[in-house]
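The values are calculated or read from the model by the stated rules, or taken from the named source; none is laboratory data. Keep in mind that what you see is a predicted model, and the values were worked out from it rather than measured. Please note: Cβ atoms are built from the backbone with ideal geometry, for glycine as well, and neighbour counts cover all protein chains shown.
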Amino acid sequence: MRLSRYFLPVLKENPSEAQIVSHRYMLRAGMIKQSSAGIYSWLPLGFRVLKKIEGIVHEEQMRAGHIPMLMPTIQSADLWQESGRYDDYGAEMLRISDRHGRDMLYGPTNEELITDIFRAHVSSYKDLPLTAYHIQWKFRDEIRPRFGVMRGREFYMKDGYNFDLTKEDALHAYNRHLVSYLRTYERMGLQAIPMRADGGPIGGDYTHEFLVLAETGESEVFYDSAVTDLSFGDRAIDYDNVEQCQGVLEEFTSKYARTDETHDEALFNEVPEERRRVARGIEVGQIFYFGTKYSEAMGATVQGPDGKPTPVHMGSHGIGVSRLLGAIIEASHDDKGIIWPEGVTPFHCGIVNLKQGDDEADAACNQLYAALTALGLEPLYDDRKERAGGKFATMDLIGLPWRITVGPRGLKNGVVELTSRRSGESEELSPEEAVKKIAAIYASHPSGRGF
Ligand code: ATP
Ligand code: MG
């Protein structure tokens, strides 16, 4: 993309409405624009990152064997009356009626809808197990929408649902989700720690929230610092292997890590004192096993092996896709702007032309652009007639992890400068070597095509 032809409305001033750094940088970098409280337009740069994040979520869900689909945003109230949640949900649910006076709502989540689809089409235990998911906009009329996309009213969420014949099978689905979530967040450059959470009215021990540690997080968390040493890495996993998935769950959840809702002071005190941590975190996902709650309420049964109708065991599993942009920025920035991890960066690298209009510099930039593009990489070329300082400030603010700087002086010696946004370190390389290096870096950070 050439910056002269792109739409990147960066702001020079700090927007006064933004209280936390991720919100401030998303506004300043021209990623989002508030449309009304908690509702945002996604400007081109923000949209690109959102799609990169969504792409990783899809890839990891499909790798785990989960099936993508899409359900509508607007739902009929009938299903929610059936499950009993129409009244429970209260003012957070946006209720609307259509021209015939039928009660409708903008979905805050989809357990009812998926259960309705399931009961219409699945009747035998032979069709199980089944895990399907979608990534769709949700609406919750939050009392206090704030922090930009972090707590929106309209937000983008991945929600997946498993249907299994037995509790054991459903717990395997639960473990599979835990493993796939660990991989998902790590690919985004994030450490998200599974913490034991509150089952709410559903009860039970089987729910974990994934938290990214950050001072601005809304949840208070208590953990053994040893959990922060764990990483999933690039180990191979067979998602059908029950013991393997269970092993990962045990490895990642046996150390003390809880949100304030389930915190147990006595248990926490058993952690050696020097490893006890009280901090704040951002919830970026949650997994849940809830047994037969919805299937019983809504008659989602299958014919079991014994020929008798059996309610299915279910779980639901969510990732806050749009919230993740805020969480990643909270975890990765400095005082000049965002520092995108390679896995989610909107463009793979920036090209800064120090002397736009200089034949040699222009030609070198065009060549770099073509060479990177030919390798499937997506550069952002700042081809505007602007001062170098302004170009650097924009690149730093929007946070591309790598920048190639091209100027007449370097070109005389056959070199360009490759700079890491994270370390600030630069090296002089031939243009060919710079392209090769960037290609090598991204070979280990696959991400989908940008929009
Ligand atoms: P919270 O406790 O933050 O209100 P929740 O537990 O109600 O969230 P879930 O129903 O578990 O949310 O939704 C799955 C994921 O969707 C959450 O882990 C979170 O990352 C994201 N999410 C929930 N509410 C919002 C919101 N208002 N804005 C942006 N993302 C959200
Ligand atoms: Mg939650």
Consider only pairs whose beta carbons are under 6 Å apart and that are at least six residues apart or on different chains; among these, list those whose first residue lies in segment 436-451 and is farther than 23 Å from W42 by Cβ and whose second residue is in a loop (DSSP other than H, G, I, E, B).
-> A439/L375; Y442/H348
Verdict on E220 being of a type outside the set (S, T, Y) and in a strand (DSSP E or B) | yes
Options E186, E168, E209, E215: the member that is within 15 Å of ligand 1 (Cβ to nearest atom) and either of a type in the set (D, E) or in contact with a strand residue (DSSP E or B) (Cβ under 6 Å, 6 or more places away or on another chain) (or both) | E209
Tell me, which residue of segment 175-206 that is modelled with pLDDT of 95 or more and within 13 Å of ligand 2 (Cβ to nearest atom) is surrounded by the most Cβ atoms within 10 Å (Cβ to Cβ)?
-> Y181
Looking only at segment 303-316, which residues are surrounded by fewer than 21 Cβ atoms within 10 Å (Cβ to Cβ) and either outside any loop (DSSP other than H, G, I, E, B) or of a type in the set (G, A, S) (or both)?
-> Q303, G304, G307, P309, T310, P311
Verdict on V344 being closer than 22 Å to L45 by Cα and not acidic (D, E) = yes
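Take segment 51-95 and flag every residue that is under 30 Å from M31 (Cβ atoms) and part of a loop (DSSP other than H, G, I, E, B).
Answer for segment 51-95, where residues must be under 30 Å from M31 (Cβ atoms) and part of a loop (DSSP other than H, G, I, E, B): A64, H66, M69, L70, M71, P72, T73, M93.
Taking segment 88-142, which residues are farther than 26 Å from H172 by Cβ and without any contact (Cβ under 8 Å) to a residue 24 or more places away in the chain?
If we filter segment 88-142 for residues that are farther than 26 Å from H172 by Cβ, which is where we start, we get 88-108, 137-142.
Selection gives Y89, G90, R95, I96, S97, D98, R99, H100, G101.
From the list G450, G410, pick out the single residue that is surrounded by 18 or more Cβ atoms within 10 Å (Cβ to Cβ) and in contact with a strand residue (DSSP E or B) (Cβ under 8 Å, 6 or more places away or on another chain).
Numbers: G450 fails: in contact with a strand residue (DSSP E or B) (Cβ under 8 Å, 6 or more places away or on another chain).
Just a single option satisfies the conditions, and that option is G410.
Here's a check for you: in segment 318-369, which residue that is outside any loop (DSSP other than H, G, I, E, B), of a type in the set (V, I, T) and within 16 Å of ligand 1 (Cβ to nearest atom) is nearest to G390 (Cα to Cα)?
From segment 318-369, those outside any loop (DSSP other than H, G, I, E, B) are 318-331, 333-334, 337-338, 349-353, 359-369; that's our starting set.
Add one more test, that the residue is of a type in the set (V, I, T), and what stays is 319, 321, 328-329, 338, 351-352.
Right, trim to within 16 Å of ligand 1 (Cβ to nearest atom) and you get 319, 321, 328-329.
Values: I319: 37, V321: 32, I328: 25, I329: 22 Å.
Among those residues, the one meeting the criterion is I329.
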Of all the residues that make up segment 285-311, how many are on the phi < 0 side of the Ramachandran plot and away from ligand 2 (no atom under 16 Å from the Cβ)?
-> 18
Evaluate segment 153-174: report whether one residue or more is surrounded by fewer than 18 Cβ atoms within 10 Å (Cβ to Cβ), under 15 Å from the mean Cα position of the chain (by Cα) and either more than 15 Å from ligand 2 (Cβ to nearest atom) or closer than 25 Å to H58 by Cβ (or both).
-> no
Could you say which residue among E186, E154 is without any contact (Cβ under 8 Å) to a residue 60 or more places away in the chain and at negative phi?
-> E186
Tally the residues that are in a helix (DSSP H, G or I) and of a type in the set (A, V, I, L, M), restricting the search to segment 96-150.
-> 6
Provide a single number: the residues in segment 4-37 that are assigned to a helix (DSSP H, G or I), closer than 23 Å to I282 by Cβ and touching a residue at least 40 places away in the same chain (Cβ under 8 Å).
-> 7
On the given criteria, is L375 within 19 Å of F147 (Cα to Cα) and touching a residue at least 60 places away in the same chain (Cβ under 8 Å)?
-> no
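Looking only at segment 244-295, count every residue that is in a strand (DSSP E or B), surrounded by 14 or more Cβ atoms within 10 Å (Cβ to Cβ) and away from ligand 1 (no atom under 14 Å from the Cβ) and tell me the total.
Filtering segment 244-295 down to residues in a strand (DSSP E or B) leaves 257-259, 276-291.
Now restrict to residues that are surrounded by 14 or more Cβ atoms within 10 Å (Cβ to Cβ): 257-259, 276-277, 279-291.
With away from ligand 1 (no atom under 14 Å from the Cβ) added as a condition, the list becomes 257-258, 276-277, 279, 291.
Residues flagged as in a strand (DSSP E or B), surrounded by 14 or more Cβ atoms within 10 Å (Cβ to Cβ) and away from ligand 1 (no atom under 14 Å from the Cβ) within segment 244-295 amount to 6.
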